[in-house]
1. For region 1-36, name all the residues that are closer than 29 Å to residue 128 by Cβ and either in contact with a helix residue (DSSP H, G or I) (Cβ under 6 Å, 6 or more places away or on another chain) or of a type in the set (Ser, Thr, Tyr) (or both).
2. Identify, by number, the condition in (1) assigned to a helix (DSSP H, G or I); (2) closer than 21 Å to residue 157 by Cα; (3) among the polar types (S, T, N, Q) that residue 123 doesn't meet.
3. In region 126-156, which residue that is closer than 18 Å to residue 99 by Cβ and in contact with a Lys or Arg (Cβ under 9 Å, 6 or more places away or on another chain) is surrounded by the most Cβ atoms within 10 Å (Cβ to Cβ)?
4. It is to be established whether one or more residues within region 132-153 are touching a Ser or Thr at 6+ places or on another chain (Cβ under 7 Å), in a loop (DSSP other than H, G, I, E, B) and either basic (Lys, Arg) or modelled with pLDDT under 95 (or both).
5. Working only within region 70-104, note down all residues that are over 27 Å from residue 115 (Cβ atoms) and touching a His at 6+ places or on another chain (Cβ under 6 Å).
6. For region 26-42, does any single residue satisfy the condition of being in contact with a strand residue (DSSP E or B) (Cβ under 9 Å, 6 or more places away or on another chain), outside any loop (DSSP other than H, G, I, E, B) and either farther than 24 Å from residue 148 by Cβ or free of Cβ contacts under 8 Å to residues at least 60 places away in the same chain (or both)?
7. Within region 55-67, can one find any residue that is in a helix (DSSP H, G or I) and either at pLDDT 95 or above or surrounded by 12 or more Cβ atoms within 10 Å (Cβ to Cβ) (or both)?
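The values are calculated or read from the model by the stated rules, or taken from the named source; none is laboratory data. A quick note: this is a predicted structure, and the numbers were derived from the prediction, not measured. Here the Cβ positions follow ideal geometry from the backbone for every residue, glycine too, while neighbour counts run over all protein chains shown.
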Amino acid sequence: MPELKRLHADHAPAVLAFELANRAYFAASIPDRGDDFFEEFTDHHNAALAEQEDGVCAFYVLLAEDGSIHGRFNLYDLEDGTARLGYRVARQVAGRGVATATVEELCRLAAARHGLHTLRAATSHDNVASQKVLTKAGFTPVGPAAPADLGGRPGTWYQRDLRP
């Protein structure tokens, strides 16, 4: 059974394999990371770990039993009890409720481990799958997302209150 784990240095090879294997799949619904991301992956991974160490962000991977990664689930800009949520799930597990279940789990962790009370997430109008995940996970639309927030695509901000 897949397990949500905090990102650490040892995950680098599996994260890179996940990103490469799913690059075209992701690019169909979210902006591509670009060749530089892959060419300088070690630097990006180390920078993410440094941000996590500083408490600015919290990065998680959904680790399969074989050590491969089924998804990435991230909390960005942790400040004043709020954060932005971002996630991506491997093509091979998409459409099976994995993203929704893991976002729900991350919401519980966000409150318990990180002391957050509000999460926000933006998704483009054409990313219907992400809209469904957010809605099923208890997020509600709160307003338009500027194209600059979504790599040039218009969209919607969603929000979830984590307080009981």
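1. Correct list: 4, 16, 22, 25, 29.
2. The failed condition is (1).
3. Step by step, filter region 126-156, then rank; the result is 134.
4. yes
5. 90, 93
6. no
7. no
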